[in-house]
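The values are calculated or read from the model by the stated rules, or taken from the named source; none is laboratory data. Quick caveat: nothing in here was measured; it's all calculated off a predicted structure. For neighbour counting, all protein chains shown are included, and Cβ atoms are generated from backbone atoms with ideal geometry for every residue, glycine included. Only protein heavy atoms, including side chains, enter the accessible area calculation; ligands, DNA and RNA are left aside. Shrake-Rupley method; radii C 1.70, N 1.55, O 1.52, S 1.80 Å.
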Amino acid sequence: MTQDTNSSNSSFKLAGKLQDYKLLIKFSLSIMVVFSALISYLLAPKVKVYDWWAILLFSLGGMLVTGSANTINQIVEKDTDALMKRTANRPVAAGRMSVEEAWTFAVISGVGGVLILWHFSFLAAVLAAFSLFVYAFIYTPLKKVSSVAVLVGAIPGSLPCLIGWAAGNDDLSAGGWVLFALQFFWQFPHFWAIAWIAHKDYTTAGFKLMPSNEGPDKYSAIQAILYSLFLLPVGVIPYFIGMSGIVSLVIVLIANLFMIGQCVRLYREMTVKAARRVMFSSYIYLPVVLLALLANKTSV
């Protein structure tokens, strides 16, 4: 009986530890980042055949780098995370994981991920290391200083597309920059919608993330509309440079108009419910656009 109890306790502790690491790397967010990078890798003209071993290896490298950046973010923000309801249960903030353990994981996963991406191209590895540094050591502390942090954070937030392209094509040609631009402009309505919903929590933690000093107001909604409008011209470029065909062009345009419509609705209604619609619309927008481009890939 004692042996069974000990075994059960060990299993429980292991499951708890795995759950903590899942929270530490922000697993859902990391999956989104790796997805963008992977689709960009597959969109590269030099990638003509799906090598599933390469896909798995690239995804692992991307997950390790992203997990490292998110871990450092939680180490730096452990005190502010403890103040916010939505983040108080994170392992470092809650005291279930020591800062030393988190740093050990961050260093090992970061170095390991960069080395894996180096297997694909040196350029991809350099971009990954740069992205990790900017996110963890510039964007993260800047969040308490100025709302310009959102602009700075959009750079490492978009670099996965460029990393994927560089891994597949070993260059920084136009296609990679178009994908970077799509994800760059997409982030603003996406992130501001989240900041709108969590405004009280963010204010409590001292974060300055809305474009207006007044927080969720008409100016912030207009900014969301403006950046969603930037997606329209960027969205047609893949067709005109031969990355993808007419079918994806139509799908991307519809998706862009849908995003703009949700941001306009936020401006009209000025409610958390409307902000939540923008947030969920943005979650749908990105995979639809990227998968449409990949399904209709025409670059040679």
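A few notes on this one:
- Subset of region 82-102 [over 19 Å from LEU18 (Cα atoms) and touching a residue at least 60 places away in the same chain (Cβ under 8 Å)]: LEU83, MET84, LYS85, ARG86
- Yes/no for VAL252 being within 23 Å of the chain's Cα centre (by Cα) and either assigned to a loop (DSSP other than H, G, I, E, B) or without any contact (Cβ under 8 Å) to a residue 60 or more places away in the chain (or both): yes
- Residues satisfying the stated conditions in region 258-276, i.e. part of a helix (DSSP H, G or I), surrounded by fewer than 22 Cβ atoms within 10 Å (Cβ to Cβ), touching a residue at least 24 places away in the same chain (Cβ under 8 Å) and not aromatic (Phe, Trp, Tyr): ILE260, VAL264, VAL272, ARG276
- So VAL47, is it assigned to a loop (DSSP other than H, G, I, E, B), open to solvent by 10 Å² or more (accessible area, probe 1.4 Å) and touching a Gly at 6+ places or on another chain (Cβ under 6 Å): yes
- Contacts under 6 angstrom Cβ, first residue in region 189-203 being touching a residue at least 60 places away in the same chain (Cβ under 8 Å) and within 23 Å of PHE230 (Cα to Cα), partner open to solvent by 20 Å² or more (accessible area, probe 1.4 Å) and among the aromatic types (Phe, Trp, Tyr), 6 or more apart: PRO189/TYR227
- Residues of region 208-230 that turn out to be open to solvent by less than 20 Å² (accessible area, probe 1.4 Å) and either in contact (Cβ under 8 Å) with a residue 24 or more places away in the chain or among the polar types (S, T, N, Q) (or both), as a count: 7
- Failed item, numbered, when LEU231 is tested on (1) under 30 Å from LYS46 (Cα atoms); (2) at pLDDT below 95: (2)
- Sole residue being of a type outside the set (Lys, Arg), surrounded by 21 or more Cβ atoms within 10 Å (Cβ to Cβ) and more than 18 Å from PHE27 (Cα to Cα), chosen from GLY153, GLY95, GLY110, GLY164: GLY164
- Only a single item in (1) over 19 Å from PRO156 (Cβ atoms); (2) touching a Ser or Thr at 6+ places or on another chain (Cβ under 6 Å); (3) part of a loop (DSSP other than H, G, I, E, B) is not met by LYS208, and it is number (1).
- Selection within region 2-34 - open to solvent by 80 Å² or more (accessible area, probe 1.4 Å), of a type in the set (D, E, K, R) and at pLDDT 80 or above: LYS22
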